[in-house]
Amino acid sequence: MIKLSIIIPVYNIEKYIGRCIESCLKQDIPINEYELLIIDDGSQDDSMTIVRQYAHQYCNIRYIEQTNAGPTVARNRGILEAKGEYLWFIDGDDDIQENTLKRLSETAISKAVDILGFDINVIEKDKITITYPHHADKDKLVYDGLTFFHDVAMPPSACVALFRKAFLQANNLNFIEGISHEDYEFTPRVYCSAKKAAYIPLAAYNYWVRPDSRQTSISKESHIKKAKDLLIICDSLYAFMKKNIEENSDIA
């Protein structure tokens, strides 16, 4: 049985994807219990040469190649194709802590949650600068989604939680395709839709701050696109909030 699918979109990250994959392999559960599902989004560099080499060596690595359509499309493809009970979205230029999958997967499965949140390390110049949210007093409870969203105050990144695949699919929870900052739209809807959510004070994800690769373009077109995407996110979350208020009013 595959407990966990780690979904990794890849686009022109040949300098980092090897380290990401290595971190996912240095784990404490058998390889037949989890998979690395790598979605190549039309890379133009040697990213996929590296991925294929790892896939040839390790039977729990699968890859899918698509024409360039953006990370949101790649993530949605991952949700569709994943075989694991739980999903973990990882950016291919970040990595994860060694020997964390056992505790994460066992906690999620034993508590039968839709979402399991955890901590993130922010790394700058090879040093951890901050670990958050780190609520050591919040790990004993199982919450409904709205209470979890309010009380635990997770970061908006989709990379700092495991999501039960059946829960995402039953509620049609996908990423809006073609926008940037997609996590800001995705995570509030997912958290508020959950019946059961929990948190574990384990710093499992490593976010690398790299101005060279993550710096936003200062072009006029970039700013206009970003503004339009933020408006799409606001409209989507407003519609989601309005729908839920109306549904709860009907129940009351």
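If you count Lys pairs in the range 100-222 whose Cα atoms are under 29 Å apart, skipping same-chain pairs closer than 8 places in sequence, the total is 22. Rounded to the nearest 20 debye, the dipole magnitude of the chain is 260 debye, with +1 charges on Lys and Arg beta carbons, -1 on Asp and Glu beta carbons, and the Cα centre as origin.
The Kirkwood hydrodynamic radius of the range 1-124, based on inverse pair distances between different Cα atoms, is 14.7 Å.
Carbon and sulfur together cover what percent of the accessible area of the chain at a 1.4 Å probe radius? The computed percentage sits at 54. Measuring between their Cα centroids, the range 113-130 and the range 146-162 lie 13 Å from each other. Using only alpha carbons, the chain has a radius of gyration to Kirkwood radius ratio (Rg to Rh) of 0.95. With all protein chains kept in place, the per residue accessible area of the chain amounts to 50 square angstrom at a probe of 1.4 angstrom.
The values are calculated or read from the model by the stated rules, or taken from the named source; none is laboratory data. Note that this is a predicted model, so its numbers are computed, not measured. Cβ coordinates were reconstructed from backbone atoms using ideal geometry, including for glycine residues, and neighbour counts include every protein chain displayed. Side chains are part of the model used for accessible areas, which takes the heavy atoms of the whole protein and leaves out ligands, DNA and RNA. Shrake-Rupley method; radii C 1.70, N 1.55, O 1.52, S 1.80 Å.
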